[in-house]
Amino acid sequence: MDSMRGQGGIQMLLTAEQEAQQIVSAARNLKMTRLRQAKEEAEREVANYRSHLESEHQKKISESSGSSDSTLKRLEAETEEKIQSLRHSVSKVSPNVVKMLLKHITSVRN
């Protein structure tokens, strides 16, 4: 009778061990599935973020190239304005400079 109870106890332990292995195996499979899903989701997020950054970069490049044209036009306008200002100043001062030069050239010192 004792051996029968021992056999039943062993059988219960084996059954419990098999059930535990099935539970552990199911938990591992669930964990692997969750890890795969998390990895796929992270890859999608990275791809979305990368495309967002790329579009921002392209936008900045297009803005800067457009602004370089406007900057060039602005600089050309400023340069032309300064040239006109200098020409105006020269035309005002030129007669006085010519008089002064003639005065010094024609005067003789002994």
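The values are calculated or read from the model by the stated rules, or taken from the named source; none is laboratory data. All values reported here derive from a predicted model rather than from experimental measurement. In this analysis, Cβ positions are derived from the backbone assuming ideal geometry, glycine residues included, and neighbour counts consider all displayed protein chains. All accessible areas refer to the heavy atoms of the entire protein, side chains included, with ligands and DNA or RNA removed. Shrake-Rupley method; radii C 1.70, N 1.55, O 1.52, S 1.80 Å.
The figures follow:
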{"item": "Projected label distance in nm at ARG28 and SER64, using a 7 Å step from Cα toward the beta-carbon", "result": "5.3 nm"}
{"item": "Theoretical FRET efficiency, 1/(1+(r/R0)^6), r = Cβ-Cβ of LYS73 and LEU101, R0 35 Å, to 0.05", "result": "0.30"}
{"item": "Extension gain from LEU86 to GLU17, taking 0.36 nm per residue of separation minus the Cα-Cα distance", "result": "14.9 nm"}
{"item": "Mean residue ellipticity (222 nm) of the chain, computed from DSSP H runs ≥ 4 via -39,500 (n - 2.57), nearest 500", "result": "-37000 deg cm²/dmol"}
{"item": "Per residue solvent-accessible surface (Å²) - the chain, probe of 1.4 Å", "result": "96 Å²"}
{"item": "Rg to Rh quotient for the chain, alpha carbon positions, Kirkwood Rh", "result": "1.90"}
{"item": "Carbon + sulfur, % of accessible area of the chain - ligands and nucleic acids excluded, 1.4 Å", "result": "59 percent"}
{"item": "Gaussian network model of the chain, springs between alpha carbon atoms under 10 Å - residue of GLU45, GLU56, GLU17 with greatest fluctuation", "result": "GLU17"}
{"item": "Volume in Å³ per residue [convex hull over Cα atoms, computed for the stretch 56-110]", "result": "81 Å³"}
{"item": "Calculated on alpha-carbon atoms, Rg and Dmax of the stretch 7-61 in Å", "result": "23.6, 80"}
